[in-house]
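Trainee: Below you will find the structure I want to go over with you.
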Amino acid sequence: MNNSVGSTARLIGAGLRALLVLTVICGVIYPLAVTGVAQALFNDKANGSEIKSGGKVVGSELIGQTYNQPKKDPNDAEEAAVLDLKWFQPRPSNGLATNSVNTQYSIILSGATNRSGDNGAKDGRCPTDPKKMAEGSLCAQVVTAQDAVIADNSTATYKVKPSDVPADAVTSSGSGLDPDISPAYAKLQIHRVAEKNHLSVAEVDKLVKEHTDGRILGFMGESTVNVLQLNIALKELIEK
């Protein structure tokens with residue numbers, strides 16, 4: 001009886017000591033070591049790839065955000081957002097569809113609509129008549145978005161054609177939080193941004209070229225433009 005109790009006590013003691021040692025190693029030493037290495041060697045990435053402007057953090061280069069006009073009533077949750085067209089706009093952020101909390105770059109959830117590329121199409125193509133499209137279908141969303149892009153970016157001296165509108169201007173990314181747009185979509189917005197900010201097209205075009213990132217290692221992926229970084233540079237140009 002005494003031997004059994006003693007053996008049990010020794011096993012419990014050994015288990016508690018192992019628990020304590022592993023807790024210190026895995027719960028304290030290891031996290032501190034990893035955090036220390038990350039802060040020392042990858043400080044920017046470890047802290048969320050934050051972007052600062054005027055000494056303040058204004059966002060992350062990894063997460064897109066909206067550029068809308070201030071609400072007339074800040075307390076009205078149902079007031080429709082209106083794009084502030086003096087800024088470069090990101091790609092649509094439909095998130096998990098219109099009934100989702102992630103409809104406008106909300107980071108509570110991320111995800112795509114999960115609709116197939118031919119959702120709402122007939123014989124592999126979207127109907128030319130919007131009335132023949134199923135409400136809420138991908139075809140209907142794309143056509144509506146395309147019409148808005150054409151209307152928003154056409155100016156007195158520059159008219160956007162449907163063929164000018166790139167895919168990322170009318171579709172959301174897989175996460176719904178893409179911070180980048182294609183150079184083609186950025187260039188499509190140049191005339192509108194120049195007009196709204198009383199700048200020359202050449203000035204804004206130069207800005208886009210300076211903030212276009214090429215392919216990784218010259219051949220991987222596609223060229224991109226980070227919208228937040230571009231808008232920060234635009235703000236600095238306006239305030240000169």
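Trainee: Just wondering, is there one or more residues in the range 214-223 that are polar (S, T, N, Q) and surrounded by 15 or more Cβ atoms within 10 Å (Cβ to Cβ)?
Mentor: no
Trainee: Scan Asp129, Asp73 and give me the residue that is at pLDDT 80 or above and farther than 29 Å from Ile190 by Cβ.
Mentor: After applying the criteria, what remains is Asp73.
Trainee: Here's another thing I want to ask about it. Would you check if there is a residue in the range 49-59 being at pLDDT 90 or above, assigned to a loop (DSSP other than H, G, I, E, B) and either surrounded by 10 or more Cβ atoms within 10 Å (Cβ to Cβ) or in the same structural domain as Leu230 (by TED's automatic domain parsing) (or both)?
Mentor: Within the range 49-59, not a single residue is at pLDDT 90 or above, assigned to a loop (DSSP other than H, G, I, E, B) and either surrounded by 10 or more Cβ atoms within 10 Å (Cβ to Cβ) or in the same structural domain as Leu230 (by TED's automatic domain parsing) (or both).
Trainee: Could you go through the range 36-51 and let me know if any residue there is farther than 30 Å from Ala233 by Cα, free of Cβ contacts under 8 Å to residues at least 40 places away in the same chain and out of contact with any strand residue (DSSP E or B) (no Cβ under 7 Å at 6 or more places or on another chain).
Mentor: Among the residues of the range 36-51, at least one is farther than 30 Å from Ala233 by Cα, free of Cβ contacts under 8 Å to residues at least 40 places away in the same chain and out of contact with any strand residue (DSSP E or B) (no Cβ under 7 Å at 6 or more places or on another chain), which makes the answer yes.
Trainee: Hey, does the range 186-194 have a residue that's more than 22 Å from Pro92 (Cβ to Cβ) and surrounded by 14 or more Cβ atoms within 10 Å (Cβ to Cβ)?
Mentor: Yes, there is a match, as at least one residue in the range 186-194 is more than 22 Å from Pro92 (Cβ to Cβ) and surrounded by 14 or more Cβ atoms within 10 Å (Cβ to Cβ).
Trainee: Just to check your reading of the model, which residue among Ala167, Ala186 is touching a His at 6+ places or on another chain (Cβ under 9 Å) and closer than 24 Å to Leu62 by Cβ?
Mentor: Ala186
Trainee: Only one residue in Asp205, Asp180 is touching a strand residue (DSSP E or B) at 6+ places or on another chain (Cβ under 6 Å) and either within 23 Å of Ile51 (Cβ to Cβ) or crowded, with 16+ Cβ neighbours inside 10 Å (or both). Which one?
Mentor: Among Asp205, Asp180, only Asp180 is touching a strand residue (DSSP E or B) at 6+ places or on another chain (Cβ under 6 Å) and either within 23 Å of Ile51 (Cβ to Cβ) or crowded, with 16+ Cβ neighbours inside 10 Å (or both).
The values are calculated or read from the model by the stated rules, or taken from the named source; none is laboratory data. Please read all numbers here as calculations on a predicted model, not as lab measurements. Positions of Cβ are generated from backbone atoms using ideal geometry, with glycine treated the same way; all protein chains shown enter the neighbour counts.
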